[in-house]
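The structure appears below as structure tokens.
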Amino acid sequence: MTHPKISTLLTALALAVTGCSDDATSSPCEDETGDGYDETTEGTTDDPTDDPTDDPTDDPTGDPTGDPTGDPTDPPPSCGDGVVDEGEDCDDGGESAECNADCTSAACGDGIINASAGESCDDGGESAECNDDCTAAACGDGIINASAGEVCDDSNTDDLDGCSATCQSDETCGNLHLDLSTGETCDDGNEMAGDGCDACAAEPFQVCASEVPVDITDNMTVMSMIDPPFPYLVTDVDLAIDITHSSLDDLDVEVTHGATTVLIADNFDNQMGPGNACTGDDMLAIVDDDANISLEAACVEPGPPAIDGRYAPAESLSAFNNADVSGSWTLSISDANEGELGALDRWCLNLNGFGVEPSRLYWATANSSVWSVEADGANPTELVDGLQSNFVVATDPANGHIYYDHSATITRLDADGANPVDIIAGNNVFGLAVDSSAGYLFWSEFDLDQVMRADLDGDNVMEVGVAGSPSGMAADPVNQKLYFITYNNTQLYRVNYDGSDQEVIVPNLGGQGVAVAVNPAAGLVYYSNRADNIFVADLDGANPSVLLSGQSSVQGLDIDTESGLIYWVAPFASMIRSANLADGSNVQDVTMSNGTGWGLAFM
């Protein structure tokens with residue numbers, strides 16, 4: 001029999017272990033149905049569905065839906081999952097026509113190429129490679145893309161249909177684009193003559209460097225640039241170069257345009273055989289492939305200038321032929337030694353256009369007017385009328401000007417007769433001549449027995465010759481000499497441009513001297529004494545002979561070396577005439593002179 005105190009103690013321990021209370025009204029040991037049965041006393045097993053810790057699928061939060069956010073193994077939200085999340089404009093599970101691959105709304109110009117929307121490019125707007133509709137830019141696509149240089153696009157790449165094959169020209173003259181397919185050889189933005197480009201046909205002209213002089217320093221290469229003002233297709237390039245330097249053999253000279261470089265002179269060596277160099281001062285030269293003497297064989301020491309005249313370069317300038325002159329031309333001068341300094345004072349490009357040569361004649365009718373006609377006799381035009389005491393005319397092809405005298409004044413005007421400007425107050429002018437490359441105008445003052453020179457704008461007037469009754473004249477730009485003839489006591493003279501070394505080269509001609517023309521390339525001078533002959537002689541006056549005769553009177557003379565013709569005024573016949581330059585044959589009437597013709601010039 002158990003002791004009553006021990007029995008009571010055991011009962012209390014059992015209740016404490018089970019968590020049960022001896023209070024039947026609040027015992028957790030009661031059955032869930034509240035039937036009062038003690039599970040432990042019944043001997044049954046626990047139902048695992050009643051204990052959330054027994055079933056790992058039970059939601060510990062008590063939420064029977066099973067929210068997946070509560071599962072750390074689920075993937076995070078991302079673009080391309082097909083669900084539009086915060087920060088996304090769209091999500092089509094990848095690129096679509098409406099949605100970019102980065103879940104932004106698709107639109108041309110957004111900088112994202114969307115192939116599903118038909119885009120082949122997207123530069124965020126028009127670029128040289130991409131049109132503003134996000135198609136690849138190409139001439140002929142029907143879309144004008146200004147960033148690609150297009151001014152038109154007619155959905156093809158054909159010329160001669162109002163839009164060039166490159167889509168960069170509307171094929172009109174005056175648009176500053178060189179359209180070879182339409183026959184243009186230049187385009188200066190207008191259709192005026194006398195500015196180097198006449199209705200998109202190239203005229204000979206000269207363009208010079210503006211930022212000169214440039215100092216030439218020891219052991220350095222200096223450069224000067226010319227940028228011609230408009231597209232121009234050239235077939236012949238000459239250079240005019242003026243250098244002041246105390247030892248030319250220090251210098252290398254070359255000219256560059258685009259990828260082409262031509263050597264003009266290499267230290268001016270070998271003038272008088274290997275090992276000889278030009279140590280003389282200064283250079284004033286026309287550099288021309290057609291010259292008979294090379295620049296490196298031209299030294300006349302000591303000078304100055306040691307090199308003076310027209311000479312051929314070390315390498316041919318024909319490397320530039322048939323090229324567009326647009327873009328920079330650079331003259332480079334390298335000084336290889338120390339102790340001798342100098343400067344590039346001036347340089348110019350003398351350009352002859354593609355297939356285009358001077359093509360008009362100009363003449364003065366005594367006491368009346370100035371006329372012009374095409375060299376074949378077409379389109380005679382009176383440029384100036386109502387003049388008094390006018391006799392002579394001269395042309396400046398490089399600048400598109402003509403000069404004429406009237407009432408003891410020399411006037412310059414454009415080749416089409418526009419923009420007359422009085423530049424010289426002379427005295428009974430009987431002769432005029434121009435050297436465009438040197439920038440000089442020459443004239444004779446009959447009553448004062450003077451031969452004068454000025455810049456082409458009339459500045460820096462000086463006397464360069466003295467002779468009784470000086471009359472007709474012509475400039476030799478190659479050798480920088482002026483030829484003139486006297487009206488009374490007729491003799492043919494020549495003198496250097498600076499007035500030195502005046503000499504009579506053909507004396508005692510008889511008649512009345514009125515006209516001179518010079519052909520430096522052939523080494524010949526032509527002249528007339530107002531009788532029925534045209535004479536020719538060597539440049540030094542040697543070997544004079546009659547070129548043609550039977551003309552009653554010859555008053556004005558000029559030549560066209562390209563076409564091989566000589567032109568003159570036949571006043572008694574009231575005609576302008578031509579003949580073959582070589583032998584005086586094939587005399588032709590060019591046009592009526594419309595008055596008593598006197599001076600004549602070709603351009």
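The values are calculated or read from the model by the stated rules, or taken from the named source; none is laboratory data. Only a predicted model underlies this, so the values are computations on that prediction, with no experimental measurement involved. Cβ sites come from the backbone with ideal geometry, for glycine too, and all protein chains shown count toward neighbours. With ligands, DNA and RNA removed, areas are computed over all heavy atoms of the protein, side chains included. Shrake-Rupley method; radii C 1.70, N 1.55, O 1.52, S 1.80 Å.
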Checklist entry - Residues in segment 225-239: is at least one under 25 Å from THR261 (Cα atoms), open to solvent by 50 Å² or more (accessible area, probe 1.4 Å) and in a strand (DSSP E or B)? => result yes
Next on the checklist: I need every pair where a residue in segment 452-467 that is among the polar types (S, T, N, Q) has its Cβ under 9 Å from the Cβ of a residue that is open to solvent by less than 80 Å² (accessible area, probe 1.4 Å), sequence separation at least 6 or different chains.
Outcome noted: ASN460/ARG453; ASN460/ALA454
Item to check | Scan of segment 385-414 for residues that are open to solvent by 40 Å² or more (accessible area, probe 1.4 Å), without any contact (Cβ under 8 Å) to a residue 60 or more places away in the chain and either on the phi < 0 side of the Ramachandran plot or aromatic (Phe, Trp, Tyr) (or both), ordered by number | outcome: ASP385, GLN388, ARG412
Item to check | Output for segment 548-573, where each listed residue is part of a loop (DSSP other than H, G, I, E, B), of a type in the set (Gly, Ala, Ser) and either open to solvent by 40 Å² or more (accessible area, probe 1.4 Å) or modelled with pLDDT under 90 (or both) | outcome: SER549, GLY550, SER552, SER553, SER563, GLY564
Checklist entry - Within segment 593-600, can one find any residue that is among the hydrophobic types (A, V, I, L, M, F, W, C), surrounded by fewer than 16 Cβ atoms within 10 Å (Cβ to Cβ) and over 14 Å from ASP376 (Cβ atoms)? => result no
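Test SER116 against the criterion of being farther than 19 Å from GLN168 by Cβ and outside any loop (DSSP other than H, G, I, E, B), and give yes or no.
Values: farther than 19 Å from GLN168 by Cβ: yes; outside any loop (DSSP other than H, G, I, E, B): yes.
Yes; evaluated as a whole, the condition is true for this residue.
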Checklist outcome for this item: Reported set for segment 417-453 where residues are within 17 Å of ALA398 (Cα to Cα) and in a strand (DSSP E or B) is LEU432, ALA433, VAL434, ASP435, TYR440, LEU441, PHE442
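Results for (1) at pLDDT below 85; (2) touching a strand residue (DSSP E or B) at 6+ places or on another chain (Cβ under 8 Å); (3) part of a loop (DSSP other than H, G, I, E, B), shown as yes or no for each residue.
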position	(1), (2), (3)
ASP252	no, yes, no
LEU263	no, yes, no
ALA291	yes, yes, yes
PRO302	yes, no, yes
GLU315	no, yes, yes
LEU331	no, yes, no
Checklist outcome for this item: For segment 333-351, pairs from a residue that is in contact (Cβ under 8 Å) with a residue 24 or more places away in the chain to a residue that is part of a strand (DSSP E or B) and among the hydroxyl-bearing types (Ser, Thr, Tyr), with Cβ under 6 Å and 6 or more apart or across chains, are SER334/THR221; GLY342/THR244; ALA343/THR244; LEU344/SER224; ASP345/THR244
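Identify, from the list VAL504, VAL516, VAL464, VAL495, the residue that is open to solvent by 50 Å² or more (accessible area, probe 1.4 Å) and in a strand (DSSP E or B). Don't jump to the end; show me each part of the working.
Details: VAL516 fails: open to solvent by 50 Å² or more (accessible area, probe 1.4 Å); VAL464 fails: open to solvent by 50 Å² or more (accessible area, probe 1.4 Å); VAL495 fails: open to solvent by 50 Å² or more (accessible area, probe 1.4 Å).
Criteria check complete, one pass: VAL504.
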Checklist entry - In segment 527-542, which residues are surrounded by 15 or more Cβ atoms within 10 Å (Cβ to Cβ) and outside any strand (DSSP E or B)? => result ASN529, ARG530, ALA531, ASP532, ASN533, LEU539, GLY541
Next on the checklist: What are the pairs with Cβ atoms under 7 angstrom where one residue, in segment 364-383, is within 16 Å of SER578 (Cα to Cα) and in a loop (DSSP other than H, G, I, E, B) and the other, located anywhere, is of a type in the set (Ser, Thr, Tyr) and open to solvent by less than 40 Å² (accessible area, probe 1.4 Å)? Sequence gap at least six, or different chains.
Outcome noted: GLY377/THR591; PRO380/THR591
Checklist outcome for this item: Only one of (1) crowded, with 17+ Cβ neighbours inside 10 Å; (2) among the hydroxyl-bearing types (Ser, Thr, Tyr); (3) within 29 Å of VAL466 (Cβ to Cβ) does not apply to SER545, and that is (1)
